[in-house]
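What follows is calculated from the coordinates using simple rules that are stated; it is not laboratory data. Just so we're clear, the structure is a prediction, and the values are computed from it rather than from any experiment. Using ideal geometry, Cβ is built from the backbone for each residue, glycine included, and neighbour counts are taken over all protein chains shown.
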């Protein structure tokens with residue numbers, strides 16, 4: 001009994017002391033800054049600076065289904081801000097209720113700004129480039145640039161907003177995507193984990209600290225690191241075959257690399273993996289250990305890591321209910 005007590009006391013001392021913060025930082029984990037000024041430096045794009053006007057307009061366009069050919073699908077359709085920034089289904093559903101042809105799952109829009117590249121194959125470098133893709137993709141919003149511009153130019157409120165933002169008063173498809181991207185850049189969700197890394201040792205509970213230590217010791221941090229605990233391109237199924245690899249035909253980029261999903265708000269973004277084949281967080285953790293690290297995580301280790309991951313549930317930005325401007329007589333009609 002005495003020996004057990006001493007072991008528990010020793011573990012508590014190890015996990016409650018600030019050295020764990022240093023260990024986490026040394027392992028490549030980074031905290032979202034407390035300072036708004038420091039955060040702005042991190043999320044801003046010098047070629048598309050964040051302004052209140054762009055954020056407000058981008059939010060409306062993000063929510064507006066009229067940008068799609070059907071008049072039904074908005075950016076929010078697949079990246080639902082009330083559902084952890086995802087749609088909650090295995091494979092994304094798009095135009096005419098078509099399932100993604102590669103059985104790809106919709107990644108969360110929250111904290112996407114911290115990723116080094118966008119899409120599962122990392123083909124776009126930033127949110128500005130990414131925002132152009134789904135609008136035009138036939139299995140998604142299925143619109144043309146001309147359709148999008150016709151919608152924007154037919155609605156006086158949108159036209160006036162663009163004219164106020166851009167001094168040359170030119171509206172282009174790129175600028176539509178740019179303001180949507182600016183809004184998306186603000187979708188950052190700091191959590192208790194960030195408070196801990198920023199120096200508040202009491203922000204995490206003892207078991208969460210144990211989970212963090214397990215997460216680091218087992219090697220999860222080798223892929224899930226930096227601000228997003230993910231977002232980089234990495235090899236997939238390095239040690240063993242992924243058991244659901246046959247679901248869909250996605251093989252990664254030309255080098256077989258796959259973008260590592262963020263672990264922030266992971267409890268809200270099931271199902272998991274690029275093809276949405278894994279439904280529970282416990283199975284996702286165990287499968288990652290098996291195929292990426294070549295280890296079998298026992299139930300306690302899975303539970304510890306899961307407990308830590310729950311501390312990554314962050315503060316969702318408070319957004320007012322958006323009221324979209326009315327269509328005009330020249331607004332393109334839906335084409336289903």
Ranked on Cβ counts within 10 Å of their own Cβ, fewest leading, 331, 296, 307, 262 go 296, 331, 307, 262
Length-normalised contact order of the chain, Cα under 8 Å, at least 6 apart, in percent, tallies to 25
Per the rule of 0.36 nm per residue minus the C-alpha distance, extending residue 159 to residue 89 adds in nm 21.7 nm
Relative to the chain, whose Cα atoms define the longest principal axis, helix 206-217 and its Cα axis are tilted in degrees, nearest 10, by 80
Within the set 225, 198, 275, GNM on the chain using Cα springs under 10 Å gives the largest fluctuation to 198
Taking r as the C-beta separation of residue 280 and residue 202 and R0 as 30 Å, the FRET efficiency to the nearest 0.05 is 0.50
By Cβ neighbour count within 10 Å, fewest first, 106, 172, 311 rank 172, 311, 106
Rounded to the nearest 10, the angle in degrees between the Cα long axis of helix 127-136 and the longest principal axis of the Cα atoms of the chain comes to 60
Among 253, 87, 320, the residue with the largest mean-square fluctuation in a Gaussian network model of the chain built from Cα contacts under 10 Å is 320
Note: probe point = Cα of residue 267 + 7 Å toward Cβ; backbone nitrogen < 11 Å; residues of the range 289-326 passing the test are 306-314
So the FRET efficiency between residue 150 and residue 39, C-beta based with R0 = 51 Å and rounded to 0.05, is 0.90
Among 293, 187, 61, the residue with the largest mean-square fluctuation in a Gaussian network model of the chain built from Cα contacts under 10 Å is 293
In degrees rounded to 10, the 0-90 angle between helix 145-154 Cα long axis and the longest Cα principal axis of the chain is 70
With the 8 Å Cα cutoff and a minimum separation of six or more residues, the range 73-167 has a relative contact order in percent of 21
By the Cα gyration tensor axes a ≥ b ≥ c (a/c under 1.5 gives rounded; else a/b larger than b/c gives prolate, otherwise oblate), the shape of the range 38-185 is oblate
